[in-house]
1. Which pairs have Cβ atoms under 6 Å, sit 6 or more apart or on different chains, and link a residue in segment 270-284 that is over 18 Å from ARG51 (Cα atoms) to one that is of a type in the set (D, E, K, R)?
2. Quick one: what pairs do we get from segment 197-210, first residue farther than 14 Å from ARG165 by Cα, second in a loop (DSSP other than H, G, I, E, B), C-beta under 6 Å, 6+ apart or different chains?
3. Against the definition (in contact with a Cys (Cβ under 8 Å, 6 or more places away or on another chain) and outside any helix (DSSP H, G or I)), how does SER222 come out, yes or no?
4. Could you list, in sequence order, all residues of segment 255-283 that are part of a helix (DSSP H, G or I) and either not assigned by TED's automatic domain parsing to the domain that holds LEU120 or not small (Gly, Ala, Ser) (or both)?
5. Would you please list the contacts, defined by Cβ atoms under 9 Å and residues six or more apart or on different chains, that run from a residue in segment 135-152 that is at pLDDT below 95 to a residue that is in a strand (DSSP E or B) and surrounded by fewer than 19 Cβ atoms within 10 Å (Cβ to Cβ)?
6. If you scan segment 177-189, which residues turn out to be touching a helix residue (DSSP H, G or I) at 6+ places or on another chain (Cβ under 8 Å), outside any helix (DSSP H, G or I) and of a type outside the set (S, T, N, Q)?
7. Given the options ILE27, ILE32, name the one that is at pLDDT below 85, touching a Phe, Trp or Tyr at 6+ places or on another chain (Cβ under 8 Å) and either of a type in the set (A, V, I, L, M, F, W, C) or under 20 Å from ASP247 (Cα atoms) (or both).
Amino acid sequence: MFGLIGVTTVDIKLMDIVARRSYNCDILFRVIDITETNGQKTAILYGEDYRLVADAPCEDLVTINQSERNKFTQEYRSLEEQSFRLFAQDIDLLKQRQEYETTGGYAKQSNYFQIPGKVLHLDGDEAYLKKCLTVYEKIGIPVFGMHCNEKEMPQKIGQLLDYYRPDILVITGHDAYSRAKGKITDINAYRHSKHFVQAVIEARRKTPHLDQLVIFAGACQSHFESLIHAGANYASSPARINIHALDPVYIVAKISLTPFMERINVWDVLRNTLTGEKGLGGIETKGVLRTGMPYRPVYDE
């Protein structure tokens, strides 16, 4: 995809934007760590647009300058914008229907208020977390964001649930399947799937009911079946493909803004994600939005 740039091992630095020669430079990564064993330097990589973690010999990496990065990401930004527009249209239609049904349900006209579901979003990538929080704010979803290493999520989840008491929980970060570590059915062949699974199990110890706490869990190539069996309502990745950084936001925002008396069809949740049903899946779940009345603003005299 790029004209390969000759670099030596020592040229690769922390936080460089790179691509892998051996994969035809198909995905952009950030270098988050560099290790050395017997003179061989290996970089630990986080995907720039996908929730993928990988490692690669430094000599396999190509540094990507800003101009090349802009060309590479233009397609993804366009896809993000298109997906967000479609999602925003869905949300607008949902709000219009709610307004019609709410105002038509009372003989006397009155102002009303709505309480969307609160989200607790745990993310193993701080940069992705900030990106997600920006979209939550744009849509109008109340959210608490927490940067947390994937390995530490199972130990921290109980205390965080007690403190924030969310309606929706997101457990995500980076993941990857390694054929060298085992079969695709073996959860030990995945970078962080077992940590996500254990975090879901711990969350379900606190709140067993699937509609009292809605859970999204997983990242790129995650062990979908194990996450669903552990108690997640939605998870990645059925086809073990990479998922986009914003996919969890689109799923939980739809749930947050759907009334609690309505069931959500799984396809209605997936259709405007950037990955679709190959990367994401789940079970029928109720919305969590609640409507109240009357709405009477109070002002200081």
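The values are calculated or read from the model by the stated rules, or taken from the named source; none is laboratory data. Please read these numbers as outputs of a predicted model, since none were measured by experiment. For neighbour counting, all protein chains shown are included, and Cβ atoms are generated from backbone atoms with ideal geometry for every residue, glycine included.
1. Listed by first residue and then by second, the contacts come to GLU284/ARG263.
2. Hits for this filter: VAL200/GLY231; VAL200/ALA232; LEU210/ASN233.
3. In short, no.
4. ILE255, VAL266, TRP267, ASP268, VAL269, LEU270, GLU277, LYS278
5. Within 9 Å, the pairs are TYR136/GLY145.
6. TYR177, GLY182, LYS183
7. Just a single option satisfies the conditions, and that option is ILE27.
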